[in-house]
Amino acid sequence: MSGDLPDYYFRVRENGAFVFRVDTENRQRRIDMDQIAVLNVRKGEIKPHGERELSAKDIEVIQGWMAERLALLEYRDIDDIHRAIDYLNTTAHWAQSRASDEQLEAITDALLLAMHDLRTVLVRKKADRQLGDKG
């Protein structure tokens, strides 16, 4: 098992990760994880843990992981928006075909405000893009 383990482990947190070096080459034949850095993916920050100095390999692996993580987060953002579109469509079908008057009363105002807010933002952003294309 230990031969298949990666050299680094990234414990994901909200804004980045803690980076550990994985060590299986010790006398006790156990897995040791030694924290070497703290990452902030959004800011692109790599902070060595404690008094450590990161090697060129450490930095290369960390930067590669950060690039992959940013791509995954970007993909998830767009995927969430596509899901929101699906939810809006299923909500429209539910409201038209199955919702009771009480259920509609409970959600109509909040949903209308949220949709109005979203429409306002989308229209403004589209206008900004179109004006940017002409200017």
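Structure above, values below:
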quantity	calculated
Any chance ILE36 is part of a helix (DSSP H, G or I), under 23 Å from the mean Cα position of the chain (by Cα) and at pLDDT 95 or above	no
Failed item, numbered, when ARG30 is tested on (1) of a type in the set (Lys, Arg); (2) under 30 Å from LEU111 (Cβ atoms); (3) modelled with pLDDT under 90	(2)
Residues satisfying the stated conditions in region 39-72, i.e. part of a loop (DSSP other than H, G, I, E, B) and among the polar types (S, T, N, Q)	SER55
Region 1-23, subset surrounded by 15 or more Cβ atoms within 10 Å (Cβ to Cβ) and not hydrophobic (A, V, I, L, M, F, W, C), residue nearest to LEU73 (Cα to Cα)	GLY16
Residue match in region 117-128 (condition: farther than 30 Å from ASP7 by Cβ and surrounded by 12 or more Cβ atoms within 10 Å (Cβ to Cβ))	yes
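Per-residue answers, yes or no, for (1) farther than 15 Å from VAL12 by Cα; (2) surrounded by 11 or more Cβ atoms within 10 Å (Cβ to Cβ); (3) not assigned by TED's automatic domain parsing to the domain that holds PRO6:
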site: ASP32; (1), (2), (3): yes, yes, no
site: GLY44; (1), (2), (3): no, yes, no
site: PRO48; (1), (2), (3): yes, yes, no
site: GLU51; (1), (2), (3): yes, no, no
site: ALA56; (1), (2), (3): yes, no, no
site: GLU60; (1), (2), (3): yes, yes, no
site: GLN63; (1), (2), (3): no, yes, no
site: ARG69; (1), (2), (3): no, yes, no
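The values are calculated or read from the model by the stated rules, or taken from the named source; none is laboratory data. Remember, it's a predicted structure, so these values are computed and weren't measured experimentally. In this analysis, Cβ positions are derived from the backbone assuming ideal geometry, glycine residues included, and neighbour counts consider all displayed protein chains.
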